[in-house]
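The structure appears below as structure tokens.
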Amino acid sequence: MCDKYSLNPNNIYFVLVETKYSGNIGLSARAIKNFGFRNLILINPLTKIDSDAFARAMHARDVLTNARIYKTLEEFQQKEHIDFLIGTTARVGGEKNPLRLAIPLNALREAIFPRESKIAILFGNEERGLKNEDLLRCDIIITIPTSSEYPSLSLSHAVAICAYELALSLRTFRELPFRPSTHLERKILVENLHKILDIIAESMPESKKRIYKGILRNLVRRAFLTGREVHSLIGFTRMILRRLSSSEN
């Protein structure tokens, strides 16, 4: 497809959260450069970028040298102005754990990301993956379908597979004639929906409320709503909240 319709590879970030082994940082740098990407981000790494990392990076030492380090995921998201956070997990949740309800990696081919979107793919610690609080910040959760006998991939392999998939699909999405919703707009809409749930389901157990709130959050994040759609829904939910508030009085 013509370049003017391509997602900018410079706006795609590969984010390693609390990585434990330096060699995995080097291998991940090599993997993303293999597929035409250059943005490597480290969140609170538990190791230094040492000689082992550079040795394993091979001809991607420039990616390693230019890797940016942040203390927290929130700091990274704010300073880099990320539009979409995509978390990865091997532990896929069921109906009672909506936080870890994940879509297969190749489903991203059906998603529509506006051309100038800044997209970050998050990869967790080698031993525990992403924490629940990290996943709560994500707009989408993806998983790489693997054998049920041994579902967990090594960190660098997961990075390589995601980079390959992105190289095939996300860089060829068409430019859209509308403004996508921002992270803040989606957050406000979700907060309004949660307030409505708290009012109409006042007697519901908190554990069940958390499940419903997770479902609502996932619904908004997966919908790829436009700015106009989110603003309309924010106005609609505010009307509901005002009506509920007046009926209580």
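The values are calculated or read from the model by the stated rules, or taken from the named source; none is laboratory data. Remember, predicted model here, so these are calculated numbers, not experimental data. Backbone-built Cβ (ideal geometry, glycine too); neighbour counts: all protein chains shown.
Within the range 18-32, residues that are within 19 Å of Cys162 (Cα to Cα) sit with their Cβ atoms under 6 Å from residues that are assigned to a helix (DSSP H, G or I) and of a type in the set (S, T, N, Q), at 6+ positions apart or across chains, in these pairs: Asn24/Ser156; Leu27/Ser156; Ser28/Ser156; Ala31/Ser156. With respect to Phe113, determine if the residue is within 19 Å of Pro9 (Cα to Cα) and touching a Ser or Thr at 6+ places or on another chain (Cβ under 6 Å). Answer is no for this residue.
I'd like the full set of residues that are within 12 Å of Ala160 (Cα to Cα) and assigned to a loop (DSSP other than H, G, I, E, B), limited to the range 33-48. If the condition is that a residue be within 12 Å of Ala160 (Cα to Cα) and assigned to a loop (DSSP other than H, G, I, E, B), then Phe35, Gly36, Phe37 are the ones that fit. Of everything listed in (1) assigned to a helix (DSSP H, G or I); (2) without any contact (Cβ under 8 Å) to a residue 60 or more places away in the chain; (3) aliphatic (A, V, I, L, M), the single unmet condition for Leu108 is (2).
Scanning the range 49-98 for residues being polar (S, T, N, Q), modelled with pLDDT of 90 or more and not in a helix (DSSP H, G or I) gives a total of 3. With respect to the stated conditions, Arg221 is outside the structural domain of Ser28 (by TED's automatic domain parsing) and in contact (Cβ under 8 Å) with a residue 60 or more places away in the chain. On the stretch given as the range 195-237, residues that are farther than 29 Å from Asn132 by Cβ and among the hydrophobic types (A, V, I, L, M, F, W, C) total 1.
Given the criteria within 26 Å of Asn132 (Cα to Cα), assigned to a helix (DSSP H, G or I) and of a type in the set (Val, Ile, Thr), does Ile240 qualify? It would help to see each step written out before you state the result.
Values: within 26 Å of Asn132 (Cα to Cα): no; assigned to a helix (DSSP H, G or I): yes; of a type in the set (Val, Ile, Thr): yes.
Here the answer is no, as Ile240 does not meet what is asked.
In the set (1) surrounded by fewer than 17 Cβ atoms within 10 Å (Cβ to Cβ); (2) within 17 Å of the chain's Cα centre (by Cα); (3) not assigned by TED's automatic domain parsing to the domain that holds Arg38, Met204 fails one condition alone, (2). Filtering the range 126-153 to residues that are within 11 Å of Thr89 (Cα to Cα) and modelled with pLDDT under 85 leaves Pro151, Ser152. Number of residues in the range 10-48 that are within 19 Å of the chain's Cα centre (by Cα), more than 20 Å from Gly129 (Cα to Cα) and modelled with pLDDT of 95 or more equals 1. On the stretch given as the range 216-237, residues that are surrounded by 15 or more Cβ atoms within 10 Å (Cβ to Cβ) and in a helix (DSSP H, G or I) total 12.
Among the conditions (1) under 24 Å from Leu27 (Cα atoms); (2) of a type in the set (D, E, K, R); (3) without any contact (Cβ under 8 Å) to a residue 40 or more places away in the chain, the only one that Glu206 does not satisfy is (1).
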